[in-house]
1. Once all Cα-Cα distances of the range A:2-215 are split into 5 Å bins that start at 0, what whole-number percent is in each one?
2. Could you work out the helix-only [θ] at 222 nm for chain B, with each DSSP H run of four or more residues adding -39,500 (n - 2.57) and the total divided by the number of residues, to the nearest 500 deg cm²/dmol?
3. Taking springs between alpha-carbon atoms closer than 10 angstrom, which of A:Thr40, A:Thr15, A:Thr152 fluctuates most in the Gaussian network model of chain A?
4. Shape of the range A:84-130 from its Cα gyration tensor (a ≥ b ≥ c, root eigenvalues): rounded if a/c is under 1.5, otherwise prolate when a/b > b/c, or oblate?
5. Between B:Asp113 and B:Arg17, how high is the FRET efficiency from 1/(1 + (r/R0)^6) when r is the Cβ-Cβ distance and R₀ = 45 Å? Nearest 0.05.
6. Tell me, how many Å apart are the Cα centres for the range B:125-139 and for the range B:70-110?
7. What nm distance separates the two modelled labels at B:Ser131 and B:Ile10, each placed 7 Å from Cα along Cα→Cβ?
8. Which FRET efficiency value, to the nearest 0.05, do you get for B:Leu77 and A:Phe24 by plugging their Cβ-Cβ distance into 1/(1 + (r/R0)^6) with R0 = 30 Å?
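Readers should treat all values here as calculations from the given coordinates under stated rules, not as data from a laboratory. Predicted model only: the values in this text are computed from it and were never measured. Every residue, glycine among them, receives a Cβ derived from its backbone with ideal geometry; neighbour counts consider all protein chains shown.
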Amino acid sequence: MAETINLLLSSTLETLYMVFASVFIASILGIPLGVLLMVTDKGQILQNEILNKILSSIVNIFRSIPFVILLIILIPFTRFLVGKSIGTTAAIVPLSIAAIPFLGRLVETALREVNSGVIEAAQAMGASYMQIILKVLIPEALPSIISGITITAINLIGYSAMAGVIGGGGLGDLAVRYGYQRFMLDIMLYTVAILVLMVQLIQMIGDRIVKQISKYR
Amino acid sequence: MIKITNLTKIYNSNMGRIVALDNINLHIKKGDIFGIIGLSGAGKTTLLRCMNLLEKPTKGTIEIDGIDITKISAKQLKEIRRKIGMIFQHFNLLSHRTVYGNVAFPLEIAGVDKNKIKEKVINLLELVGLSDKINCYPSELSGGQKQRVGIARALANDPKVLLCDEPTSALDPKTTVSILELLKDINNKFGITIVLISHDLNVVKKICSNVAVIENGRIIEQGSIFEIFNNSKSDIVKNFTQNVIKSEFFEVVNIG
C-alpha cells in the first residue's frame, strides 16, 4: 500500500510539474502570439497581411499534428534545448510547443471581443501601439485570457498522459504501465480519480479568478 | 483653428469605389461651437474622424492650429492628438478601469507624473459633477454619467479642440440637455473649439453657433445657425423647420 501511495504521489507531482511548467511557457509565448495574430489582422491597428498569413499558417500546422507524433518529431529539438530527449523535463518541450499555438488562438479570439470603439478612443488620445496593447487590449480581454489559460492547462493534463512515450512519467504513464500492462486495476482507478480531481480544481480556480476580476465589468 | 481644404475621402471596396467625402472646404474659428448635420451615411462621421486622422484622407489638407496634420510624422501626430479631445456616441470607456482610471488614462499615456494626474482627475471630475463616482466602474453608471466621464477624459490633456461624435444620440432627452449644457459651459470656461456632429437638429440648434449641412459627402450649405434655420436650401433642414413650426402651431392651438 505504501508503495502504491508513493507511486501515485510521485506521478502526481510529475504531472503537476509538466503541466504547470508548460502552461507557464505557453503563456509567455502564446499571449504575444495571440496579440500578434490579432493586431496584424485586416482592419486592426498593425494590419500586415503577409505576417498574419505566415503566423496563422504556422499555428494551423502545429495544431494539426497529433500530439503523439509531435512528441516524436520534436525529439532532436528537445535534445538541443534541454540536453536530453527523455524524462519529465524533456516532456515539457513538446507540451509547450503544442500549447503555444492553442493558447495563441484563444488569446486572439479573446482580443477580438474587445470593443473596437475603445481601441479607437485610445488612438484618438495619442496612444502608441504598445500602450494600446498593454493598457487597453490585454486588460480589457483579461477575463477571457484567463479562461483560455485554464482551458489550456486542462488540455495539457490530457496531453501529459502521453508523455510516457518519451519516458516523461506522470499519472497517464503510471496508468498505462501498472494499470494496463500489469493488470493493476486499482492503480488505474486511482490515477483516473486524481486526474478528475485535478481538472475540477484547475477549472474551479480559473473560474474564481475570472469571476473576481470581472466583478464590476 | 480648423481649416479643411479640398478634402476628399474615397473607399475602395469589393462593391467598387465609394466617395465618402467629396471636396470638402470648411473653416472653423477658434472658440466656436460648430455643428455638422446630416443623415446617416452622409459622411459626417468620416469628416469628423478625418480631423484627428482616425480616417486618412485620400486628398486635401486639414490644418489644426496652423499645422497640416496630413503631412506630419506618426510621432507628431500622437502629440497633436493629445491636444484634440474626442467623445463618442457609445462613450468607449475602459471597462476594466474605474471612473478615476478612465480619466487618468490619457494622462498616463502622455507620461504625466502620478501626483499631477491625481490632482487633475479630481478637478476634472468636479467639473463634470461626478466626484462621488470616482471609484465606480463604467458598468455601474448611467448613460449620462458615462458621457460625463468621457468628457472629463477628453479634457484631461487640456485640448484646444473637442470633437463630439453624436455625443447625445444614445441618451434620453433630459440627459441630452444636461450634457449639452455641460459642453456649452466648457466652451465658455476654457474657450475650447467644439465640433459636434449630429443627425438631430434640436441638438445643433441648442448649442451650435455655426453649422454645415452635409449630404452625400458634400457640404451643401453652411453659415450661422440663424441663417441656416431661416433660409435653408436643404431638405433635411426644411423638413425639420416645418415640423417645428407645425408642432409649435399645435401647441398654441391646444393652449387656446
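1. The percentages, shortest bin first, are 1, 7, 14, 16, 16, 14, 12, 9, 6, 4, 2, 1, 0, 0.
2. Using -39500 (n - 2.57) per qualifying helix, the result is -13000 deg cm²/dmol.
3. Largest GNM mean-square fluctuation: A:Thr40.
4. In terms of gyration-tensor shape, prolate.
5. Once the sixth-power term is evaluated, E becomes 0.40.
6. 18
7. 5.6
8. 0.20
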